[in-house]
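Here the structure comes first, spelled out in structure tokens, and everything after it is commentary.
The values are calculated or read from the model by the stated rules, or taken from the named source; none is laboratory data. All values reported here derive from a predicted model rather than from experimental measurement. Here the Cβ positions follow ideal geometry from the backbone for every residue, glycine too, while neighbour counts run over all protein chains shown.
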Amino acid sequence: MGTRRVIILLTAVAFVLCMPVLSQAGKIHKQLVAESTLDQVLRRGVLRVGMSTFVPWAMKDKKGKLVGFEIDVARRVAKDMGVKVQFVPTKWAGIIPALLTGKFDVIIGGMGILPKRNLKVNFSIPYDETGMSLVANRKLAGDFKTLDDFNRKGVVISVRLGATPVAAAKKHMPKAELRQFDDESQAIQEVVNGRAYAMVASAPRSQCRS
């Protein structure tokens, strides 16, 4: 009898504790339905675009101005909506969490469509398709002829943190040491300075040896 009372009590407490959570979830749902992201952008008059530099898609020119195909896409979308555009530079590894917390309205960038990402965000129709390329240091990898030559201990491969090339490098060169960087330019510099044999990146990217 005592056991039954405890179970009933715990069930009742659990129900009471769940009520505020369900109530709060209901309020959030109503807010989302009442005002979509599109409505918020139009009311604000500004489209906040989360982005990260990816040469040649999004980068800065000599004057520090953002240029590139994806920058042009963002500006055109804002123009068609009749609003201004605001770019929010964000580290690629944290760009989806930043979107989910409302730091910007949309991500415009070369992001591979993966199931685990699609569970959190909605993707548009792809505007381009790219493959993978490898840039190697001529002195360190001058004798390398195939991809298998890079797949061995002692070989260092640089990649951008959170980007699709990370998975590609792990799959095709599991024996090599992988070094990940927040910015693509850092990964490239690692190769140029001779601290990495090669860098794996999304194409288009120069495929000649450095």
Query - Output for the range 109-124, where each listed residue is surrounded by 12 or more Cβ atoms within 10 Å (Cβ to Cβ) and either in a helix (DSSP H, G or I) or among the hydroxyl-bearing types (Ser, Thr, Tyr) (or both) - result: Arg117
Query raised in the report: Within the range 93-102, can you find the residues that are out of contact with any helix residue (DSSP H, G or I) (no Cβ under 9 Å at 6 or more places or on another chain) and surrounded by 14 or more Cβ atoms within 10 Å (Cβ to Cβ)?
Result: Ala93, Gly94, Ile95, Ala98, Leu99
Requested in this report: Go through (1) at positive phi; (2) outside any loop (DSSP other than H, G, I, E, B); (3) not aromatic (Phe, Trp, Tyr) one by one and return the number of the condition Gly102 breaks.
Outcome: (2)
Query - Test result for Lys65, modelled with pLDDT of 85 or more and more than 14 Å from the chain's Cα centre (by Cα) - result: yes
Report summary line: Scanning the range 125-153 for residues that are surrounded by 11 or more Cβ atoms within 10 Å (Cβ to Cβ), among the polar types (S, T, N, Q) and out of contact with any Ser or Thr (no Cβ under 7 Å at 6 or more places or on another chain) gives Ser133, Asn151
**Report entry** Selection from the range 73-97 of residues that are within 12 Å of Arg48 (Cα to Cα) and among the aliphatic types (A, V, I, L, M)
**Finding:** Ala74, Val77, Ala78, Val83, Val85, Val88
Query raised in the report: Yes or no: Arg195 more than 25 Å from Thr53 (Cβ to Cβ) and out of contact with any Leu (no Cβ under 6 Å at 6 or more places or on another chain)?
Result: no
Query raised in the report: If you check Thr146, Thr101, Thr53, Thr90, which single one turns out to be closer than 17 Å to Gly162 by Cα, modelled with pLDDT of 90 or more and polar (S, T, N, Q)?
Result: Thr90
Query raised in the report: In the range 34-70, what residues are among the acidic types (Asp, Glu), within 17 Å of Asp80 (Cβ to Cβ) and out of contact with any strand residue (DSSP E or B) (no Cβ under 6 Å at 6 or more places or on another chain)?
Result: Asp39
